[in-house]
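In what follows, a single structure is set out as structure tokens and then discussed.
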Amino acid sequence: PIESHKTRKQLWMLASGAKFCMSSNKGVFERLLNYKNYPDYFSKPIDLDLYRTAQKEKHTSEDGFQAMKRLLLAFSRRNPYIGYCQGLNFIAHFILTMQFT
């Protein structure tokens, strides 16, 4: 089962085009998170939803919550026309539990 999980992840990265996007956009994620003058309109709603997302998941650690927050903040900054809305937290949680980086 672990090997099939790894293979599924690799196939998804290739089929979705994510592998190409990652290689052609190196450093974008870090820049989105480190940009100091960016207004954090979505920080509070993200914080409120983080613990609702995985409250039934006893294995979600504080590091897991922080990774989900970073992912959602970066997404809201990269896509200001979407920003953040409830539901994105569940997608982020799924991506992180599938161990996508």
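Each residue of segment 18-28 in turn: what ³J(HN,Hα) in whole Hz from Karplus with 6.51, -1.76, 1.60 and θ = phi - 60°, glycine and Pro shown as x?
5, 4, 5, 4, 5, 6, 8, 10, 4, x, 5
Say each of Cys85 and Asn37 gets a label point 7 Å from the Cα, pointing the same way as Cα to Cβ; how far apart are those two points in nm?
Result for the modelled spin labels: 3.0 nm.
Just need log10 I(q)/I(0) for the chain at q = 0.22 Å⁻¹, Debye formula, equal scatterers on the alpha-carbon atoms, no solvent, rounded to two decimals.
Values returned for q = 0.22 Å⁻¹ are -1.27.
What FRET efficiency would be calculated for the residue pair Lys44, Phe94, taking the C-beta separation as r and a Förster radius of 30 Å, to the nearest 0.05?
For Lys44 and Phe94, the calculated efficiency is 0.85.
First measure r as the distance between the Cβ atoms of Arg8 and Asp63, then evaluate 1/(1 + (r/R0)^6) with R0 = 22 Å and state the FRET efficiency to the nearest 0.05.
On the way: r = 24 Å, r/R0 = 1.07.
In this case the efficiency is close to 0.40.
Each value in this text was obtained by applying a stated rule to the coordinates, not by laboratory testing. Note that the structure is a prediction, hence the values are computed from the model and not measured. For neighbour counting, all protein chains shown are included, and Cβ atoms are generated from backbone atoms with ideal geometry for every residue, glycine included.
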